[in-house]
Amino acid sequence: MTSERAKRFPLELADLKRESRKPQGHAGESRKPATVRTEPSRAVARGHDARVERHPAKTADKSSAPNVALNGTLALTSERVRERMVERLRANGVTDPRVLNAMSVVPRHMFVDPGLATQAYEDAALPIGHHQTISKPSVVARMIELAAAGRKLERVLEIGTGCGYQAAVLSQVARDVYSIERIRPLYERAKTNLRPLRVPNIRLHYGDGRVGLPSVAPFDAIVIAAAGLDVPQALLEQLAVGGRLVAPVGAQSGQAQVLTLVERLGPSQWRESRLDRVFFVPLKSGVI
Ligand code: SAH
């Protein structure tokens, strides 16, 4: 992994809050104004542009209904929509306030195709191309909560960046997030998705996550977002003593995968707990 490939993006919460800001006077959308920053949020521009492209007829009808398209976009991207998602997560047992906060500020709709954006805050995995998916919000929250276990996280490794959503959520919970993707177009896409959010503490790597990042290890937590038949030994070795690894483990085709927690108890002692039944795309070797 070359250092040129490691990328950094500054994401600021103020930007995310501003992204969800709505103009005054829209029924059902009134909220207290968020901090206004002098630098324009590209998140707003991108979400709006995507919607406009898909609904040219609506935007053309500006004289009679100037905000039709805008209203739709804002409802879609609003903090309120995310808050409802977070309420569901809470109701389903997610309790770590840092995780809930992270889920409430990261704009998941910006990590899926515009055509799927209306489904972005449903608890569903969605296609991101190359036969891969963005994980369900409930699974993202569960994995991060398990990995953190209430601890302050310094260095975290994610295997399987995909579109970059989980990395963005992790970036709100950990000091430094490293994420590896083996499919180059997805690695590029994650970079593109994260750039407007300006996340300062994510480093994306293109490579085979099964070998981890030995030069950066040890990690306080490792989250694997794809299912292997076992947890790669290299990743177990790169976990700090006292660290926690969360991974789906199991066969791909019709067989049960189990969300597995591995705690490193000592230099050569790990404890494995098998938790929820899950379904993930496969953890594969090599890069494409
Ligand atoms: N973290 C994502 C989920 C991505 S889906 C989210 O935010 O929702 C799982 C990803 O793991 C896919 O993009 C797939 O290409 C990737 N993957 C599978 N095997 C891998 C490996 N050995 N190294 C790195 N990435 C891998």
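The values are calculated or read from the model by the stated rules, or taken from the named source; none is laboratory data. Fair warning: this is a prediction, and the values are worked out from it, not measured in the lab. Note that each Cβ is placed from the backbone with ideal geometry, even for glycine, and that neighbours are counted across all protein chains shown. Side chains are part of the model used for accessible areas, which takes the heavy atoms of the whole protein and leaves out ligands, DNA and RNA. Shrake-Rupley method; radii C 1.70, N 1.55, O 1.52, S 1.80 Å.
So what are segment 80-164's ellipsoid semi-axes, whole angstrom, largest first, if each one is the square root of 5 times an eigenvalue of the alpha-carbon gyration tensor?
Details: eigenvalues 91, 55, 21 Å².
Working through the eigenvalues yields semi-axes of 21, 17, 10 Å.
Which sequence of Leu204, Leu146 reflects their accessible areas, 1.4 Å probe, from the largest down? Present the calculation step by step, with values, prior to reporting the outcome.
Working: Leu204 0, Leu146 20 Å².
Final ranking, largest accessible area leading: Leu146, Leu204.
So what's the net charge close to Arg88: Lys and Arg +1, Asp and Glu -1, counting the other residues with Cβ under 12 Å from its Cβ?
Surrounding charge for Arg88 is 0.
Residues with amide H under 5 Å of Leu239's amide H, sequence separation 5 or more or different chain, H placed in the peptide plane at 1.01 Å from N; which?
Correct list: Phe219.
Multiply the residue gap between Lys152 and Glu87 by 0.36 nm, knock off their C-alpha separation, and tell me the result in nm, one decimal place.
Working: separation 65, 0.36 × 65 = 23.40 nm, distance 2.35 nm.
Result: 21.1 nm gained on full extension.
Pull up all non-local amide H partners of Thr161: gap of 5 or more, or a different chain, and H-to-H distance under 5 Å with H placed in the peptide plane.
Those lying under 5 Å, H to H, from Thr161 are Ile180, Glu181, Arg182.
Before anything else, pin down the relative contact order of segment 153-222: Cα pairs under 8 Å, at least 6 apart, normalised by residue count, whole percent.
Values: 128 pairs, mean separation 29.5, N = 70.
Contact order relative to length: 42 percent.
Taking amide H positions as placed in the peptide plane 1.01 Å from N, state which residues far from Arg203 in sequence (5 or more) or on other chains have amide H under 5 Å from it.
Those lying under 5 Å, H to H, from Arg203 are Val177, Tyr178, Ser179.
To the nearest µm²/s, what D does Stokes-Einstein give for segment 94-224 at 20 °C and 1.002 mPa s, using the Kirkwood radius over alpha carbon pairs as Rh?
On the way: Rh = 14.6 Å.
Estimated via Stokes-Einstein, D reaches 147 µm²/s.
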